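Undergrad: Handing you this structure, nothing more for now.
The values are calculated or read from the model by the stated rules, or taken from the named source; none is laboratory data. Please read these numbers as outputs of a predicted model, since none were measured by experiment. Cβ placement follows ideal geometry from the backbone for every residue including glycine, while neighbour counts extend to all protein chains displayed.
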Amino acid sequence: MVDEVRDCSSMLEHPGSTGEDGGAIPTRSLHIKQIPVAQARAFIKMWHSRLPNCDGPFKIAFGAFDQGGYLMAAALWHNCSARNLPQDWTELRRMAVASMYAPPNTASIMIGQMVRWFKREGKATTLVSYQDLGEGAPNSVGFVKHTGTIYKATNWTPVAISRPRLRTRTVADQDWVKNGRKVYRRNDKNLTPEGTTDAIASAKVRWQYSLRGEKFTALTPEQIEAARRMKPTK
């Protein structure tokens, strides 16, 4: 899941530098290249507004560096989380931007360059990512609504919607599994309804990009907006 919120309270503490020779793609004062998964995880934990923890396995990680060698954004890719999707598709599992420091449009620039890398390397036939339809992190005017701007800017297509769900979670829960039940992330973003132990996992839009030029049937803006009002299911 990509974090589109451009507001963050954390300060950047030089979480990474280029440190390697070759392989970088210069674009608008950014260099996008592969980085160690551990480095991407640490950066995302610092900067992602809703889902900072990403401890699962990942096939590949990318970082976007400014001209001074500072890491401005990171992304993690792996096999598709939805089991019904083809095995030769690859999902952008998590991405975050150092919003207080990164150049404008960093997320869109980085996604565009990563798409080009996958096309060149032939590592997948279709790329997948999910847009969370819930509210993002608060800023000075309230909560930021995720609108899919970075996908629209790089010619992805919205093709499917997953319903919102209720997941077990309490203030003390920090692990993915507790007492045999799956726990939904952490309770540090005030997403649990007061007086309950259930967390609402928002509806999501699945965006797709075909690396072979295949055309997908796009959801309408009305369908996407209606999904924001769906009642959660267990």
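Undergrad: If I filter region 209-224 down to residues being among the hydroxyl-bearing types (Ser, Thr, Tyr) and not in a loop (DSSP other than H, G, I, E, B), which single residue comes out as nearest to Ser129 (Cα to Cα)?
TA: By that ranking, first place goes to Tyr209.
Undergrad: Please go through region 80-97 and pick out each residue that is out of contact with any Pro (no Cβ under 8 Å at 6 or more places or on another chain) and either modelled with pLDDT of 95 or more or assigned to a loop (DSSP other than H, G, I, E, B) (or both).
TA: Residues satisfying the conditions are Ser81, Ala82, Arg83, Asn84, Leu85, Pro86, Gln87, Asp88, Trp89, Thr90, Glu91, Leu92.
Undergrad: Of all residues in region 98-138, which are of a type in the set (A, V, I, L, M) and under 20 Å from Ile35 (Cβ atoms)?
TA: Selection gives Ala98, Ala102, Ala107, Ile109, Met110, Ile111, Met114, Val115, Ala124, Leu127.
Undergrad: Scanning for something surrounded by fewer than 18 Cβ atoms within 10 Å (Cβ to Cβ), in contact with a Ser or Thr (Cβ under 7 Å, 6 or more places away or on another chain) and either among the aromatic types (Phe, Trp, Tyr) or at pLDDT below 50 (or both), does region 205-226 turn up at least one residue?
TA: Yes, that holds for at least one residue.
Undergrad: Continuing with this model, one more query. Please pick out the residue among Trp77, Trp47 that is more than 20 Å from Ala124 (Cα to Cα), under 12 Å from the mean Cα position of the chain (by Cα) and without any contact (Cβ under 8 Å) to a residue 60 or more places away in the chain.
TA: Trp47
Undergrad: Next up: Name the residues in region 114-133 that are at negative phi, outside any helix (DSSP H, G or I) and more than 18 Å from the chain's Cα centre (by Cα), would you?
TA: Residues satisfying the conditions are Lys123, Ala124, Thr125.
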